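First comes the structure, then the notes that go with it.
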Amino acid sequence: MKTGAKLLIEGLQREGVETIFGYPGGSVLPVYDELYDAPVRHVLVRHEQAAAHAADGYARASGRVGVCLATSGPGACNLVTGIATAYMDSVPLVAITGQVPTSMLGNDAFQESDITGITMPVTKHNYLVKRAEDLPQTVRDAFFIAGTGRQGPVLIDIPKDVMTAQLTEAPPVGSHRLRGYQPTYEGHALQIEKAVALIGEAERPLLYVGGGVIASGASEEVRRLAELMVIPVTTTLMGLGALSCDHPLNLGMIGMHGTEAANYAVTECDLLIAVGVRFDDRVTGKLDAFAPNARIIHIDIDPAEIGKNKPADIPIVGDARRILEAITHRLAGQDGRDGWLERVHRWKASAAAHSDGEDTLSPAYILQEMSDLLGSSGIIVSEVGQNQMWAAQHYCFRRPRTWISSGGLGTMGYGFPAAIGAHFARPEETVVDVAGDGSIQMNIQELGTVAQYRIPVKIVILNNMYLGMVRQWQELFYDRRYSYTELPPVDFVGIGRAYGVDGIRVEDRQDVRPALQAAFESDGPFVLDFRIDREANVFPMVPAGAAINEMIGRRQA
Amino acid sequence: MKPHTLHVLVENRAGVLSRVAGLFSRRGFNIESLTVGTCEEPGMSRMTIVVLGDDAEVEQVKKQLNKLIDIIKVSDITERSTVERELALIKVTAEPGESRAEVMQIASIFRAHIIDVGAKSVILQVTGDSDKIDALEGLLRQYGIREFVRTGKIALIRGSKSSKSQN
Ligand SMILES: Cc1ncc(C[n+]2csc(CCOP(=O)(O)OP(=O)(O)O)c2C)c(N)n1
């Protein structure tokens, strides 16, 4: 005899799941009872939102499907922000929730919520499983959907009586049976030919690569195409690490807080090769002024992204890695694009010339020191706000999956729990959460989790005692009226200590490096509270709705 | 902006209609009409959706619909040669005497059927394309329409072509 709960755990094992993040409650007790001696590790977080973010961080760091578990009603609802975050960034996630017994469904029973209804707009797909017999196949299908095509979160809601139902025989599990789901992987041959021709003819081509390149493991192909055809590369926030920061063709990040080189290059290019990107408004600024003179090749696995915001001359639907491979294979190489490269490099050099050159505790300095110390051994996770943009601008990302950040939804409170997940995915790497003092307070209770399991995540708080990014907008666009964005000082080291986590507060520039060293050398979790310049800003900046080359301010380092 | 008619073949599962309707409202697409019922393929249903928009918008609608796991196939049959029908029931004020006679005359011109007669009203059933139903409604308005329901459009491609799951 096997219970539904047992079938669920067996299903997870069949999918190769080793670690799940969760929080118990009445409706999932049968599953927790099975977990008591199952060969699947369960990490107890302090808030379900953190379970979802941790599963997400696990997925982004490993490339595998992350799994979180919560009880019905409030537990399930607490997952929603995490699920929505994963949805916006196309992260493969399976969320499992308990539900009231089927006989009570729809009765507003204690701790009932219509979680499949609630999550419909933020999941790739979801299930309410009404019979234990359906569990094994549902788990199989859910993992298949989450981890293929354009990846995304899938939710499985399981009523308590389905978990306790006894089956004499385990139902067979076939391959997935999804008539309506057939992702396209191979690019259309004719379109590829056309792309090859355009790349050959272009005088000022630019590669614009995003999260899709990381997801499909296409970094090498990007580098090969760029080098073979001498094409400068810019990445989106989600694409950082797709090409090493110190590669001579890398112009850095594009968009609202992108580099001058990237934003000017896209304005002047005559061919934009967009790979695994979705022309997000934080990237394009005013759409008409984005790549105004360029023909566009758009490669994406999701047909709905092509032409959604910007029409493509050559749309190619499929897996970025395979398509780039096919394109590069047909190209013979290029001798040089001297004029274009010279121009691009001039922009790059002029931006690099502005260094902070001061002795303040600037965020740029902290991040550069971090970059220096970690080399290519770190995974940087971020919260949201100025801290996120500073990390994106000043940390040198050398490999894919070493930068983990909430891009699409911009979820404050994401970083710390996601860092926990990233640690379980890649325990050999140093995992750092770059945080603001506002964001860290959104899931600070996870200090309990890192203390309990001695998870060696390092929290680097760039503490400006403001909701900094909002304050920056108030400074620039609301006449410095800092309406409800000032935060009183918090003793973060003291909070850490209360949970049993070490920490250091840093107020001077010369203490930055030793403090970072102490944190990285410690084998446990660590809090670093950097009291940075209170009104430091993120520059350059393209005001919302402006053209992408209309940047204000100067880069500070 | 013009009406586009889509045939959407879906898995016959709980929640499919709300997934489709939710997608439309979430993305700000306007549904003109939506009808759904079982069809010739076991385990599937066919929706006929009329959506108002320019070509680019409707292209997005189709792509977004295609992303739903429960949707098996989306076909745009707007430019195809189709037969289209809609059914409407109209309860009209028609006192015995002259006005009732007029209403019955109009009904017969439109090949509508009187399917119920009350003391002061009659109920008409009419099928046809949307224009015909609009026209009938317009004519009957002067007598007083008490209640009016219509099903929304259903359509089939003429001849041997179809929008089956494989073809
Ligand atoms: C959950 C959530 N609420 C509100 C916001 C809006 N928001 C964006 S950035 C920001 C300020 C972040 O402040 P802090 O974490 O201190 O980071 P800083 O910008 O100072 O580095 C806010 C409130 C958000 N992104 N997420």
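The values are calculated or read from the model by the stated rules, or taken from the named source; none is laboratory data. What you see is a predicted model, and the numbers here were worked out from it, not measured in a lab. All Cβ positions, even for glycine, are placed from backbone atoms using ideal geometry, and neighbour counts span all protein chains on display. For the accessible areas, the whole protein counts, side chains as well, though only heavy atoms, and no ligand, DNA or RNA atoms are used. Shrake-Rupley method; radii C 1.70, N 1.55, O 1.52, S 1.80 Å.
Descriptive notes on the structure:
- Residue within the range B:48-58 that is open to solvent by less than 30 Å² (accessible area, probe 1.4 Å), of a type in the set (A, V, I, L, M) and in contact with a Ser or Thr (Cβ under 7 Å, 6 or more places away or on another chain) present: yes
- Test: residue in the range A:281-291 that is of a type in the set (Asp, Glu), under 22 Å from the mean Cα position of the chain (by Cα) and within 14 Å of chain B (Cβ to nearest Cβ): no
- A:Leu228 falls short on exactly one of the conditions (1) away from chain B (no Cβ under 14 Å); (2) surrounded by fewer than 19 Cβ atoms within 10 Å (Cβ to Cβ); (3) in contact with a helix residue (DSSP H, G or I) (Cβ under 8 Å, 6 or more places away or on another chain); (4) without any contact (Cβ under 8 Å) to a residue 60 or more places away in the chain, and that condition is (4).
- Residues satisfying the stated conditions in the range B:64-89, i.e. open to solvent by 20 Å² or more (accessible area, probe 1.4 Å) and part of a loop (DSSP other than H, G, I, E, B): B:Leu68, B:Thr78, B:Glu79, B:Arg80, B:Ser81
- Selection status of A:Tyr453, away from the ligand (no atom under 15 Å from the Cβ), of a type outside the set (Val, Ile, Thr) and either outside the structural domain of A:Leu69 (by the TED database) or within 17 Å of the chain's Cα centre (by Cα) (or both): yes
- Under the condition of being within 14 Å of the ligand (Cβ to nearest atom), within 30 Å of A:Ala518 (Cα to Cα) and not aliphatic (A, V, I, L, M), the residues counted in the range A:456-484 number 4.
- Elements of the type helices (runs of 4 or more DSSP H) sitting completely within the range A:465-541 and holding at least 3 residues that are assigned by the TED database to the domain that holds A:Asn443 and within 19 Å of A:Ile455 (Cβ to Cβ): these cover A:492-499, A:512-521.
- The helices (runs of 4 or more DSSP H) found entirely in the range A:36-129 that carry 2 or more residues being within 14 Å of chain B (Cβ to nearest Cβ) and open to solvent by less than 30 Å² (accessible area, probe 1.4 Å) are A:115-119.
- Checking B:Val122, B:Val126, B:Val103, B:Val61 one by one, the residue that is open to solvent by less than 20 Å² (accessible area, probe 1.4 Å) and either under 19 Å from B:Asn30 (Cβ atoms) or of a type in the set (Ser, Thr, Tyr) (or both) is B:Val61 and no other.
- Test result for A:Ile316, within 15 Å of A:Leu206 (Cβ to Cβ), modelled with pLDDT of 95 or more, surrounded by 15 or more Cβ atoms within 10 Å (Cβ to Cβ) and within 25 Å of the chain's Cα centre (by Cα): no
- Any chance B:Leu52 is aliphatic (A, V, I, L, M) and part of a strand (DSSP E or B): yes
- Near pairs, Cβ below 7 angstrom, 6+ apart or cross-chain, from the range A:457-485 (on the phi > 0 side of the Ramachandran plot) to any residue that is crowded, with 16+ Cβ neighbours inside 10 Å: A:Met465/A:Asp437; A:Met465/A:Leu487; A:Arg480/A:Gln474
- Whichever residue in the range B:147-167 is surrounded by 15 or more Cβ atoms within 10 Å (Cβ to Cβ) and not hydrophobic (A, V, I, L, M, F, W, C) and, among such residues, is farthest from the other protein chains (Cβ to nearest Cβ): B:Arg150
- Considering the conditions (1) at pLDDT 95 or above; (2) within 14 Å of chain B (Cβ to nearest Cβ), A:Asp161 is excluded by exactly one of them, (2).
Residue by residue, here is whether (1) in contact (Cβ under 8 Å) with a residue 24 or more places away in the chain; (2) out of contact with any Gly (no Cβ under 9 Å at 6 or more places or on another chain); (3) outside the structural domain of A:Thr81 (by the TED database); (4) under 18 Å from A:Gly252 (Cα atoms) holds:
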| position | (1), (2), (3), (4) |
| --- | --- |
| A:Leu361 | yes, yes, yes, no |
| A:Leu374 | yes, yes, yes, no |
| A:Glu383 | yes, no, yes, no |
| A:Ala391 | yes, yes, yes, yes |
| A:Gly407 | yes, no, yes, yes |
| A:Tyr414 | yes, no, yes, no |
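- Residue pairs whose Cβ atoms lie under 9 Å apart, separated by 6 or more positions or on different chains, with the first residue in the range B:18-37 and within 19 Å of A:Glu305 (Cα to Cα) and the second open to solvent by 60 Å² or more (accessible area, probe 1.4 Å) and assigned to a helix (DSSP H, G or I), are B:Leu23/B:Lys67; B:Phe29/B:Glu57.
- The one condition in (1) free of Cβ contacts under 8 Å to residues at least 24 places away in the same chain; (2) crowded, with 17+ Cβ neighbours inside 10 Å that A:Ala351 fails to fulfil: (1)
- If only residues of the range A:426-450 that are in a loop (DSSP other than H, G, I, E, B) and either open to solvent by less than 10 Å² (accessible area, probe 1.4 Å) or hydrophobic (A, V, I, L, M, F, W, C) (or both) are counted, the one that is farthest from the ligand (Cβ to nearest atom) is A:Asn443.
- Pair list, Cβ < 6 Å and 6+ apart or interchain, from the range B:89-103 residues that are assigned by the TED database to the domain that holds B:Gly144 to residues that are open to solvent by 60 Å² or more (accessible area, probe 1.4 Å) and among the charged types (D, E, K, R): B:Lys91/B:Arg146; B:Lys91/B:Glu147; B:Glu95/B:Lys120
- Of all residues in the range B:24-42 being over 12 Å from B:Ser165 (Cα atoms) and within 12 Å of chain A (Cβ to nearest Cβ), the one that is least open to solvent (accessible area, probe 1.4 Å): B:Phe24
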